[in-house]
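Peer 1: Please read through the structure below; I'll follow up with questions.
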Amino acid sequence: MLNQSLEVSVRNARPADAGEIAQVFRDSWRLAYTGILPSLHLERETIRRDATWWRRAIAAERNLLVALHGDTIAGYATCGRARGGGRDGGEIYELYLTPVYQGLGIGEHLFEACRATLDGLDLERLIVWALEGNDRARAFYIRCGGRPTRRSCVRFGKVLSTRIAFEW
């Protein structure tokens, strides 16, 4: 549920945000995926997606949104047309929050901003994928009204993991 008393704004990411987004990515991935993903893959990915990587992503990605608590980036999300599925589907590719901001309603602000962005593209359906072991993400998408509809496997290094699709 949205926390109306918390001052949160959502806007498009700017190149100057790259360092903070990289930190959100590192912290949230370490919390979400330690014990789920192979340690080596987790560390490589958090190193690879540094501020330089995020500056390039911001320049290339129109739908990279940041949630701000005051002047601090609390989280980010990326969204667009669904990968590998019909022309009328949208997808939230990533939605992550700095651990200290989880559970305060900021994720819902980002989720709703993504939905509004996708509605603006006339996309009728929405899909989000979450790893089976990421209980926080799965609970979040269910609270947002998502229905788990299917499973598939995704490879991280030499490890196969199950991911779950949530649809609206």
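Peer 1: Out of all the residues in region 49-84, which are surrounded by fewer than 17 Cβ atoms within 10 Å (Cβ to Cβ), modelled with pLDDT of 95 or more and in a strand (DSSP E or B)?
Peer 2: Thr72
Peer 1: Arg87: over 11 Å from the mean Cα position of the chain (by Cα), part of a loop (DSSP other than H, G, I, E, B) and basic (Lys, Arg), yes or no?
Peer 2: Working: over 11 Å from the mean Cα position of the chain (by Cα): yes; part of a loop (DSSP other than H, G, I, E, B): yes; basic (Lys, Arg): yes.
When the stated conditions are applied, Arg87 passes them.
Peer 1: Still on this structure, I have one more. Just to be sure before I move on: is Arg87 closer than 23 Å to Gly35 by Cβ, exposed (fewer than 13 other Cβ atoms within 10 Å of the Cβ) and modelled with pLDDT under 95 in the structure I sent?
Peer 2: Criteria not met by Arg87.
Peer 1: Just checking, which of Thr34, Thr46 is surrounded by 15 or more Cβ atoms within 10 Å (Cβ to Cβ) and more than 14 Å from the chain's Cα centre (by Cα)?
Peer 2: That would be Thr46, the only listed residue that is surrounded by 15 or more Cβ atoms within 10 Å (Cβ to Cβ) and more than 14 Å from the chain's Cα centre (by Cα).
Peer 1: If I go through region 150-168 residue by residue, how many of them are touching a residue at least 40 places away in the same chain (Cβ under 8 Å) and closer than 18 Å to Trp29 by Cβ?
Peer 2: Count: 4.
Peer 1: Select from region 131-152 the residues that are part of a loop (DSSP other than H, G, I, E, B) and exposed (fewer than 12 other Cβ atoms within 10 Å of the Cβ) and list them in ascending order.
Peer 2: Gly145
Peer 1: Quick test for you: out of Val100, Val128, pick the one residue that is surrounded by fewer than 18 Cβ atoms within 10 Å (Cβ to Cβ) and either out of contact with any Gly (no Cβ under 9 Å at 6 or more places or on another chain) or closer than 18 Å to Trp168 by Cα (or both).
Peer 2: When all the criteria are applied, what remains is Val100.
The values are calculated or read from the model by the stated rules, or taken from the named source; none is laboratory data. Nothing here was measured: the structure is a model prediction, and the numbers come from that model. Note: ideal-geometry Cβ built from the backbone for every residue, glycine included; neighbour counts use all protein chains shown.
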